[in-house]
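S.K.: Got a structure for you, questions after.
Quick note: the coordinates plus some simple rules give every number you see, no bench work behind them. Everything numeric in this text was worked out from a predicted model, so none of it was measured. Don't worry about glycine lacking a Cβ; one is built from the backbone with ideal geometry, like all the others, and counts go over all protein chains shown.
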């Protein structure tokens, strides 16, 4: 056998092995995930790891305006509605846009495939929904994640549902919108957890306001904005700053997950104050008036219009070994410049740096004034401007010898 024959045999073996790996048999009702590889006027073809590509009707992936919601390369999750033994693999993303058979409803019940339905009416217990040409019932407790609003407001709307029960050969169909909303919420939580890093900015909705702060819904997870993180200034009541239902943008201060890993066992600390501080343009040469609110061995805490920040001992301008508790007092007015703003939003100030900023400002002002003149003038002009003028004493002319002799003669007389 030649080397060429060996290469051909190896390629053939790899091809067979690859075909075997991709040759798994799919069953009707099985949930699969694949990559869209081709789109035609009627079908969307998906690589699901089988010997042949699966297909799904293009109409299932278009919105109400007929616009396709996917593209080549996108990932698609669907249910096998027809296996390869029955003429090729067909997938169903949703059911209910056309006539729905009992077999299709059974498939939706077993696989969890969503069905599309239009609310046509209400009764005392819930909503009447048309799924294709099949009448279904959605209990009021299965309409929303929480309490449903007035049921009449759902009439005429089209939603996706999960089939919960199928009885009397399809004459009694019970569906749930809440089940799909819960699944979507859990997916959002998984995505949100990946974004929950200290310093991240996230949009949310205020869910409740308490005396100690406000709870914000981040899209599946709740975080607490403590009352001290609501504003740059002291806040007596959280309700003075935010209200229920208000959209806010917050900064993540910390994330603590419990042992269980449940979404209910995760604590998220948020800040509204940090966002507002970041939105305020600040220059390093700006001097801010402030008031000391606390004195510690490591420095003093100062409130300014930017927010509360620490002035470290090294930035207080004290003599070596000086104790800030002997130099400063609470409620004392001071002036500070900003040193840094940490990713978490915490501020660091300097009192010692104020003098340096003022000196630079005075020099800049002097230079600007001089640059506006035609010329700097002579050295004497500059010295005259910088040194205060002294009183000038007139000096008499020197006396002649005759005048001096006459004055002495008069003194003897």
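S.K.: If region 114-182 were replaced by its equivalent ellipsoid, with semi-axes equal to the square roots of 5 times the Cα gyration tensor eigenvalues, what would those be, largest first, whole Å?
M.R.: Over the Cα atoms of region 114-182, the ellipsoid semi-axes are 17, 13, 11 Å.
S.K.: Further question on the same structure: Which of the peptides 242-249, 298-305 is most tightly packed, and how do the rest follow, going by the mean number of other Cβ atoms within 10 Å of each residue?
M.R.: 298-305, 242-249
S.K.: Moving on. Going by average Cβ neighbours within 10 Å, how do the peptides 63-71, 35-43, 211-219 rank, with the highest at the top?
M.R.: 211-219, 35-43, 63-71
S.K.: Considering only DSSP beta bridges with both partners in region 196-278, what is the antiparallel share in %, to the nearest 5?
M.R.: Percent antiparallel among DSSP bridges in region 196-278 is about 90.
S.K.: Fully extended, how many nm does the chain gain between residue 296 and residue 200 (0.36 nm per residue separation, minus their Cα-Cα distance)?
M.R.: 31.5 nm
S.K.: With both bridge residues required to lie in region 114-182, what share of the DSSP beta bridges run antiparallel, to the nearest 5%?
M.R.: So the antiparallel bridges amount to about 95 percent of the total.
S.K.: Also, I was wondering about something else. Between residue 157 and residue 240, what is 0.36 nm times their sequence separation minus the Cα-Cα distance? Round to one decimal in nm.
M.R.: That pair, residue 157 and residue 240, stretches by 26.1 nm at full extension.
S.K.: Which percentage, to the nearest 5, of the DSSP beta bridges contained in region 283-356 is antiparallel?
M.R.: Of the beta bridges lying entirely in region 283-356, close to 90 percent run antiparallel.
S.K.: Can you put 228, 274, 350 in order of Cβ neighbours within 10 angstrom, beginning with the fewest?
M.R.: Lowest to highest Cβ neighbour count: 228, 350, 274.
S.K.: Treat the count of other C-beta atoms within 10 Å as a stand-in for reagent exposure and order 251, 138 from fewest to most.
M.R.: Ordered from fewest to most neighbouring Cβ atoms within 10 Å, 251, 138 come out as 251, 138.
S.K.: May I ask you to sort 175, 89 by Cβ crowding, counting other Cβ atoms within 10 Å and putting the fewest first?
M.R.: If I rank by nearby Cβ atoms, fewest first, I get 89, 175.
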